Ligand SMILES: [Fe+2]
Ligand SMILES: [Fe+2]
């Protein structure tokens, strides 16, 4: 096999995680749309599309390296609206957690001497996390500035992020 078994396990874990991110953002999108915050709902649906793209990057890489793998099952994703500061906090924590998991992959790649995996993950997914973390932090910053007021949050969100 072109990558180690331990690396494959981390890839499968990441594929499941990116899928769970997708479902979380789709769920948030639905909740926001049902509250009447359609544009912010669309923003989260777009983030969900991005998460699907991340899953595809991982699968495409395994395919390119001729690695056979089993798809893991995605855990159930729960989200309940408890205000915009809570929403921003969940979003930031999710993206930081994602970066941390991707770093497990690059750190193992360094230990394995697996330069191809290291470079690919650095150039694609980890590079993208800079923007993903920044965007989620902006959402939380705006929620804090709006002092958890949904109306103020939505006006500032549309001005800054759409
Ligand atoms: Fe992602
Ligand atoms: Fe993300």
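Listing for the model above:
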{"item": "Selected residue (criterion: surrounded by the fewest Cβ atoms within 10 Å (Cβ to Cβ)) from residues of the stretch 23-37 that are more than 15 Å from the chain's Cα centre (by Cα) and in contact (Cβ under 8 Å) with a residue 12 or more places away in the chain", "result": "35"}
{"item": "Matching entry among 20, 48 (being out of contact with any helix residue (DSSP H, G or I) (no Cβ under 7 Å at 6 or more places or on another chain), surrounded by 16 or more Cβ atoms within 10 Å (Cβ to Cβ) and either farther than 30 Å from residue 156 by Cβ or in contact (Cβ under 8 Å) with a residue 24 or more places away in the chain (or both))", "result": "20"}
{"item": "Index of the failed condition, residue 87 passing every other in (1) closer than 19 Å to residue 18 by Cα; (2) within 16 Å of ligand 1 (Cβ to nearest atom); (3) in contact with a helix residue (DSSP H, G or I) (Cβ under 7 Å, 6 or more places away or on another chain)", "result": "(2)"}
{"item": "Subset of the stretch 134-144 that is surrounded by fewer than 19 Cβ atoms within 10 Å (Cβ to Cβ) and within 14 Å of residue 87 (Cα to Cα) - its residue that is nearest to the chain's Cα centre (by Cα)", "result": "135"}
{"item": "From the options 28, 42, 15, residue that is part of a helix (DSSP H, G or I), within 23 Å of residue 104 (Cα to Cα) and at pLDDT 95 or above", "result": "15"}
{"item": "Of all residues making up the stretch 51-91, the number that are surrounded by 18 or more Cβ atoms within 10 Å (Cβ to Cβ), under 18 Å from the mean Cα position of the chain (by Cα) and within 30 Å of residue 152 (Cβ to Cβ)", "result": "4"}
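Rundown of residues vs (1) touching a residue at least 24 places away in the same chain (Cβ under 8 Å); (2) within 15 Å of ligand 1 (Cβ to nearest atom), yes/no style:
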{"position": "93", "(1), (2)": "no, yes"}
{"position": "100", "(1), (2)": "no, yes"}
{"position": "108", "(1), (2)": "yes, no"}
{"position": "112", "(1), (2)": "yes, no"}
{"position": "125", "(1), (2)": "yes, yes"}
{"position": "128", "(1), (2)": "yes, yes"}
{"position": "132", "(1), (2)": "yes, yes"}
{"position": "135", "(1), (2)": "yes, yes"}
{"position": "144", "(1), (2)": "yes, no"}
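The values are calculated or read from the model by the stated rules, or taken from the named source; none is laboratory data. All values derive from a computational prediction rather than experimental measurement. Cβ atoms come from the backbone with ideal geometry, glycine included; neighbour counts cover every protein chain shown.
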